[in-house]
Amino acid sequence: MISTARLGYARNIMEKPIGKKYPRVTEVTDTERIEMVKEIFATITGKYDFLNHFLSLRRDIVWRSFSVEKMRFFNTYRMLDVATGTADLAVGVARRYSRTRITGLDFVQEMINLGRVKIRMKHLSNRIQMLRGDALYLPFSDGCFDVAAIAFGIRNIPNKVGAIKEMARVVVPGGQVMVLEMTSPRNGSFRKLYDVYLNRILPCLAGAFSSNPEAYHYLGDSIMNFPTPDALATLMEKAGLTQVEKYSLTLGITHLHLGVKPEVPQL
């Protein structure tokens, strides 16, 4: 049976007035969710970076830095940043590894535009390229990059295995695929507190700055419905990666998963 929320959302998905609640991620189809994500990220670009830092108490900067430190460049010295947003991870890689060339890819044009402005301001236009594209159909040949990473974007992609397989395809044998994502803590008491923060406090704080505070209800919902760290590690292995490691960050509210493309294709 199709829910009332799904029927109402499907009728006019891209004409939703700002301020109207989004349906829960469990109440929409994959196609509807993708369109919902496009709309959300197209309407929060103005304060996107500020709110990311403010609402995470600047821990998002630490999480990205940790991920960058784990990267290994040894062949192409190229890195792909999938769902790059405003290119924070790409900028971090360019600053840390002077020999690298980075491609940032996102399917929201407004994010790409903002990222390009940031890159120009940081004088990194000669090293970071921004493209619009689909994580499930990466416009690159096999083995173009040493590292493919996605930071805080995989939860917005319904076909997670498909996206990870594409990232694995475009890295060289021995290359890394990295997934940095916010998760729901396993500790019961802390999980309850975190749930209150995500679903009550965070949207109220965002409402003071964002023209679309309801987008942050989606944020909380998408995190609470994200696979567990063990389940995500299994998905990465299913996508053909080996040596999958997971790192718990800030009491488990974020995890970095790191897998390696095997030197010899697995049978």
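Inside the stretch 22-74, counting only helices (runs of 4 or more DSSP H) that do not spill past its ends, which hold 3 or more residues that are at pLDDT below 90?
Hits in the stretch 22-74: 30-43, 48-55.
Inside the stretch 61-118, can you point out the residues that are of a type in the set (S, T, N, Q) and either buried (at least 21 other Cβ atoms within 10 Å of the Cβ) or more than 16 Å from the chain's Cα centre (by Cα) (or both)?
Answer for the stretch 61-118, where residues must be of a type in the set (S, T, N, Q) and either buried (at least 21 other Cβ atoms within 10 Å of the Cβ) or more than 16 Å from the chain's Cα centre (by Cα) (or both): Ser67, Asn75, Thr76, Thr84, Thr86, Ser98, Thr100, Thr103, Asn113.
With the structure loaded, tell me whether Ala83 is within 24 Å of Thr254 (Cα to Cα), hydrophobic (A, V, I, L, M, F, W, C) and in contact with a helix residue (DSSP H, G or I) (Cβ under 8 Å, 6 or more places away or on another chain) or whether it fails that test.
Spelling it out, Ala83 is indeed within 24 Å of Thr254 (Cα to Cα), hydrophobic (A, V, I, L, M, F, W, C) and in contact with a helix residue (DSSP H, G or I) (Cβ under 8 Å, 6 or more places away or on another chain).
Which condition from (1) more than 19 Å from the chain's Cα centre (by Cα); (2) modelled with pLDDT under 90 is the one that Tyr218 breaks?
Condition not satisfied by Tyr218: (1).
Name the residue that is surrounded by the most Cβ atoms within 10 Å (Cβ to Cβ), counting only residues in the stretch 198-218 that are in contact (Cβ under 8 Å) with a residue 60 or more places away in the chain and small (Gly, Ala, Ser).
It comes out as Ala215.
Report, by residue number, each residue of the stretch 217-257 that is among the aliphatic types (A, V, I, L, M) and part of a helix (DSSP H, G or I).
Leu219, Ile223, Met224, Ala231, Leu232, Ala233, Leu235, Met236
When the residues of the stretch 55-65 are narrowed to those that are touching a Ser or Thr at 6+ places or on another chain (Cβ under 9 Å) and in contact (Cβ under 8 Å) with a residue 24 or more places away in the chain, which ends up nearest to Val147 (Cα to Cα)?
Trp63
Report the residue count in the stretch 229-251 for those that are surrounded by fewer than 17 Cβ atoms within 10 Å (Cβ to Cβ) and out of contact with any His (no Cβ under 9 Å at 6 or more places or on another chain).
Total satisfying the criteria: 9.
So Leu205 ticks every box in (1) touching a Lys or Arg at 6+ places or on another chain (Cβ under 6 Å); (2) at pLDDT below 85 but one. Which box is left unticked?
The single condition Leu205 does not satisfy is (1).
When you scan the stretch 142-189, how many residues do you find that are on the phi < 0 side of the Ramachandran plot and of a type in the set (Phe, Trp, Tyr)?
Qualifying residue count for the region: 1.
Between a residue in the stretch 129-142 that is over 19 Å from Ala94 (Cβ atoms) and any residue that is of a type in the set (Gly, Ala, Ser) and in a loop (DSSP other than H, G, I, E, B), which pairs come within a Cβ distance under 8 Å, given they are 6 or more apart or on different chains?
Ala135/Ala83; Ala135/Gly153; Pro139/Gly133
The values are calculated or read from the model by the stated rules, or taken from the named source; none is laboratory data. Every value quoted in this text rests on a predicted model; they were computed, and no experiment measured them. Reconstructed Cβ throughout: ideal geometry from the backbone, glycine too, with neighbour counts over all protein chains shown.
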